[in-house]
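The values are calculated or read from the model by the stated rules, or taken from the named source; none is laboratory data. The model shown is predicted, which means the values in this text are computed figures rather than measured ones. As a convention, Cβ positions derive from the backbone with ideal geometry for all residues, glycine included, and neighbour counts pool all protein chains shown. Side chains are part of the model used for accessible areas, which takes the heavy atoms of the whole protein and leaves out ligands, DNA and RNA. Shrake-Rupley method; radii C 1.70, N 1.55, O 1.52, S 1.80 Å.
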Amino acid sequence: MARTRAFDETEVVRAALGVFWSRGYEATSLSDLEAATGLNRSSLYQTFDSKRGLFARAITLYLQEVIGPRLGVFAKDAPGLEQVTQYFESLATTMATAPPALTRRGCLLVNTATELGPHDAEAKQAVEDYRALLRGHLTRALEGAARAGVLPRKTVARRVELLLGAVIGVLVTARVDPGAAAKLAQATAGEVAGWAG
C-alpha cells in the first residue's frame, strides 16, 4: 500500500517558485530547494521526478497565481483601450509600491527567457506560450478598439508588438530600478489612453 504524502504539493511548489524566481533556474541548487521546501532530495525527486520537473510546476503556478490575476483585467466580454491602460497602470502601481526585493526579482518568465531560452527548447516554449497569451489579450483589446472606431484596424498588429515590447521593458527595468519601471509602465498607460483621443 502506498504511503500518503505528509505535505501539500502546492505549498512545496510555491516555496520552490520563490527560490527559482529569486535565483534563477541554474543558480538554484538542490540544497536551496531542500531548505526552502523542507523536503529532502529523495522526496523532491519522488514527487517531481527532477529539478526540471519542479521548475515546470513552478512556472505553471506562477502563471496561475501571478500572471493570471494581472491579466484578469482583460476578462471583460469586449475589452478595449481602457483595459490595456488599466493593465499598464497596475504594473506601474506594483513597481511603485511593492518592496524593492520583490520587484527586483522581475518576471520569472522573462528571467527564464534570458537565462535558458537561447539553449533550452522547453524553457523557450514556456516563454513563447506566455508571450502568445499576452499577445492574445492585447490583440483582442486593440481589435475591440478598432471595431469601436477608436484605432485604425491596420495599426493593431504593430501596436500590439509595441505593447509587448513595453511589457518586457518594464519587467527587465524593474530588476535594476523599480522606480524607472513604474514610470515606464505609467508612460505606456498614458500613451495608450492618448490613442483614444
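The condition (being more than 30 Å from ALA6 (Cβ to Cβ) and surrounded by fewer than 13 Cβ atoms within 10 Å (Cβ to Cβ)) is satisfied by just one residue among ASP77, ASP49: ASP77.
Run down ARG105, ARG153, ARG159 and say which single residue is farther than 19 Å from THR188 by Cα, in contact with a helix residue (DSSP H, G or I) (Cβ under 6 Å, 6 or more places away or on another chain) and at pLDDT 95 or above. Among ARG105, ARG153, ARG159, only ARG153 is farther than 19 Å from THR188 by Cα, in contact with a helix residue (DSSP H, G or I) (Cβ under 6 Å, 6 or more places away or on another chain) and at pLDDT 95 or above. Can you pull out the residues in the range 169-197 that are touching a Lys or Arg at 6+ places or on another chain (Cβ under 8 Å) and open to solvent by 70 Å² or more (accessible area, probe 1.4 Å)? Hits for the range 169-197 are ARG175, VAL176. Listed by first and then second residue, the pairs with beta-carbon distance under 8 Å, at least 6 apart or on different chains, first residue in the range 135-158 and under 9 Å from GLY80 (Cα atoms) and acidic (Asp, Glu), second assigned to a helix (DSSP H, G or I) and open to solvent by 70 Å² or more (accessible area, probe 1.4 Å), are GLU143/ARG153. Considering only residues in the range 87-102 that are at pLDDT 90 or above and loosely packed, with under 15 Cβ neighbours inside 10 Å, the one that is farthest from ARG23 (Cα to Cα) turns out to be THR93. Answer yes if at least one residue in the range 158-168 is surrounded by fewer than 17 Cβ atoms within 10 Å (Cβ to Cβ), over 30 Å from PHE55 (Cβ atoms) and not hydroxyl-bearing (Ser, Thr, Tyr), and no otherwise. Yes, there is a match, as at least one residue in the range 158-168 is surrounded by fewer than 17 Cβ atoms within 10 Å (Cβ to Cβ), over 30 Å from PHE55 (Cβ atoms) and not hydroxyl-bearing (Ser, Thr, Tyr).
For the range 21-38, check the following and say yes or no: at least one residue is among the acidic types (Asp, Glu) and closer than 24 Å to GLY169 by Cα. There is at least one residue in the range 21-38 that is among the acidic types (Asp, Glu) and closer than 24 Å to GLY169 by Cα. Among the residues of the range 11-49, those that are over 16 Å from the mean Cα position of the chain (by Cα) and not in a helix (DSSP H, G or I) comprise GLU26, ALA27, THR28, SER29, GLY38, LEU39, ASN40, ASP49. Of LEU71, LEU54, all but one fail to be open to solvent by less than 50 Å² (accessible area, probe 1.4 Å), touching a helix residue (DSSP H, G or I) at 6+ places or on another chain (Cβ under 7 Å) and over 20 Å from THR114 (Cα atoms); the exception is LEU71. Just one of the listed residues (GLU65, GLU82) is farther than 17 Å from GLU115 by Cβ and either under 18 Å from the mean Cα position of the chain (by Cα) or exposed (fewer than 15 other Cβ atoms within 10 Å of the Cβ) (or both), and it is GLU65. Within the range 103-130, the set of residues being within 16 Å of the chain's Cα centre (by Cα), open to solvent by 70 Å² or more (accessible area, probe 1.4 Å) and over 16 Å from ALA181 (Cα atoms) comprises THR114, LYS124, GLN125, GLU128, ASP129.
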